[in-house]
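To start, the structure itself, in structure tokens.
Bear in mind these aren't lab numbers, they're just calculated from the coordinates by the rules spelled out. Keep in mind that what you see is a predicted model, and the values were worked out from it rather than measured. Reconstructed Cβ throughout: ideal geometry from the backbone, glycine too, with neighbour counts over all protein chains shown.
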Amino acid sequence: MQITRPLREWLPLQLHLTSWEVLAPFVEELRSTTCRSFSDFYQWLRRVNELEVAVSEEAAWSFIRFTQNTQDENSRKAYEKYIEEIQPKLQEARYHLYRKYWESPWRALLPQEEFFNFNRIVQNYLDLYRPENIPLEVRAELLAKEYNELIGQLTVEIEGKTFTLPQASLFLESPDRDRREEAWHKIYNARAAYAERLEEIMSQLIVTRTQMARNAGFENYYDFRFRQLGRFDWSVELCHNFHRLVERLVRRLYKSLMHHRKQMLGLEVLYPWDLAVDACDPHRPLRPFQTEEELITKSIEVFHRIHPRIAEVVSYMKEMGHLDLFSRPGKAPGGYNYSLQESGMAFIFMNAAGSHSDLITFVHEVGHALHTFQSRHLPFLLQREYPSEVAELASTSMELMALYPAVFYPNPSDQARAWFQHISRIITLFPWIATVDAFQEWLYKHPNHTVKQRREKWKELYLRFHGREVEWPEGTLETLWHKQLHIFEVPLYYIEYGLAQLGALQVWYAYSKNPEATVDKYLHALSLGYIKTVPEIYEAAGVKFFFDTDELIQIFQFILSQLKKIKKTLHA
């Protein structure tokens with residue numbers, strides 16, 4: 001596979017847009033350009049896009065390098081410079097350029113279907129833009145950066161050795177319950193040492209974000225952010241439908257899984273340190289890989305079996321050095337795929353330590369990376385900046401199509417355990433998604449709450465969606481949300497995982513019947529970028545975006561049938 005970086009038509013080839021002084025002349029030229037014909041207008045629009053994708057890629061690399069080592073002074077300063085100096089002026093420039101585009105009489109001559117979402121995004125930006133919000137957005141990003149720095153530096157000492165939190169989490173899979181409990185408390189205490197500051201950061205974020213919303217004429221940040229995320233094709237009612245689905249249907253499955261876990265582990269009460277150990281065989285934790293090279297090599301073989309295109313993408317990313325997968329001190333928490341919009345490539349970042357969940361994370365991020373490569377042919381940035389509910393369909397569907405063959409688990413029993421873990425993970429993730437989403441809605445609709453009320457509300461919502469299947473040590477459940485970086489960094493972005501997972505389960509159901517046709521539809525849907533509506537993109541993938549309970553019962557019955565097959569294999 002060979003990817004050719006698109007040539008710049010206007011900007012100098014070697015120009016690095018690392019300061020506003022470098023950017024400003026090009027912005028000014030675009031603002032002052034007069035379009036006397038449709039040809040002039042289209043050339044101008046291409047130049048606006050060229051500038052946007054170039055700046056986007058520079059920003060991407062500043063974020064990537066910062067998260068690769070949050071303790072590196074140069075990377076930190078470069079990222080701060082982008083947030084504080086470049087991004088605010090760029091937002092103002094974007095407003096003027098988008099307004100020029102919107103008011104142009106030549107806009108009506110663009111292909112309406114291809115520019116339908118493009119126009120919705122531009123109009124939304126113009127409607128929500130307020131110059132007084134720019135410094136507030138900078139403040140919010142710097143607060144989120146501080147969260148990354150605090151969590152990224154955390155380590156714990158276990159058995160005389162120092163581990164990052166992702167590395168230490170492997171001890172939670174130990175068959176020795178005392179060892180698990182010790183590791184859990186050390187991980188919890190590492191975060192708890194900064195609990196007061198994390199609450200302060202959250203309180204400041206709520207004040208800042210609430211002011212942004214009111215500046216834009218909204219009563220609260222929840223409604224403002226819902227609109228800002230470009231959720232054009234669905235409303236908050238879909239979130240509430242998802243919450244009800246979890247309460248009425250998923251919670252029963254969750255309870256059954258927790259009961260099964262207690263039985264398999266021979267326990268009367270489940271504690272949080274009992275949730276990661278393999279209930280099917282606690283004495284042999286699944287270890288699908290030991291090194292980054294092994295993870296990549298084996299994954300490529302898995303992806304080749306699904307479709308050669310996917311294997312080609314991962315091989316190319318490896319060749320380009322765009323995979324940073326293993327945990328180390330100083331790395332920011334979490335994992336992501338970052339689209340590099342000028343080159344049309346992608347970068348995967350994560351904190352692997354060798355667990356099965358790390359394998360799932362990598363496969364998930366490969367789904368995002370594939371999406372980037374599949375849609376890179378679209379000429380304009382706003383045609384390939386798809387919303388999260390589309391992006392997560394790509395990643396969660398990939399997880400299920402890759403369910404986890406003999407490449408990683410040559411022993412049929414281990415393969416069955418991997419399947420059981422993954423399906424169980426989906427079921428247990430639904431209540432967590434509902435909790436995080438409902439919690440964020442409450443946070444921003446009740447901005448004057450106290451820290452005590454915030455913690456009590458989190459606990460209340462957790463119990464609403466999870467029940468009392470797990471016994472939490474006194475005072476620990478109330479701050480469990482501190483580990484979810486989305487709440488700090490990308491507010492409201494979480495329900496998309498649940499909505500997309502419902503779509504991905506439909507993809508899996510179709511894949512179980514006709515793999516080749518399902519993958520073809522999946523790849524086609526990804527190639528659409530964002531030139532169709534969200535329901536249309538889901539439909540192109542062969543699934544429905546809007547769900548009803550009867551259809552989902554059929555899907556969950558399929559899940560239960562898969563679990564029964566797995567249990568037969570495990571007991572054979």
*Test Glu181 against the criterion of being acidic (Asp, Glu) and without any contact (Cβ under 8 Å) to a residue 24 or more places away in the chain, and give yes or no.*
no
*asked:* Can you report the number of residues in the stretch 89-105 which are in contact (Cβ under 8 Å) with a residue 24 or more places away in the chain and more than 30 Å from the chain's Cα centre (by Cα)?
replied: 6
*Which residues, counting only those in the stretch 82-100, are hydroxyl-bearing (Ser, Thr, Tyr) and either in contact with a Pro (Cβ under 9 Å, 6 or more places away or on another chain) or over 13 Å from Leu51 (Cβ atoms) (or both)?*
Tyr82, Tyr95
_Leading residue by the ranking (farthest from Arg107 (Cα to Cα)) among those in the stretch 6-55 that are of a type in the set (Val, Ile, Thr) and touching a residue at least 40 places away in the same chain (Cβ under 8 Å)_ = Thr18
*So which of Lys564, Lys521 is of a type in the set (Lys, Arg), outside any loop (DSSP other than H, G, I, E, B) and surrounded by 15 or more Cβ atoms within 10 Å (Cβ to Cβ)?*
Lys521
*Going by the structure shown, is Glu73 within 27 Å of the chain's Cα centre (by Cα), surrounded by fewer than 18 Cβ atoms within 10 Å (Cβ to Cβ), among the charged types (D, E, K, R) and within 30 Å of Thr164 (Cα to Cα)?*
yes
*Scan the stretch 199-217 and give yes if some residue there is under 24 Å from Tyr271 (Cβ atoms) and touching a residue at least 24 places away in the same chain (Cβ under 8 Å), otherwise no.*
no
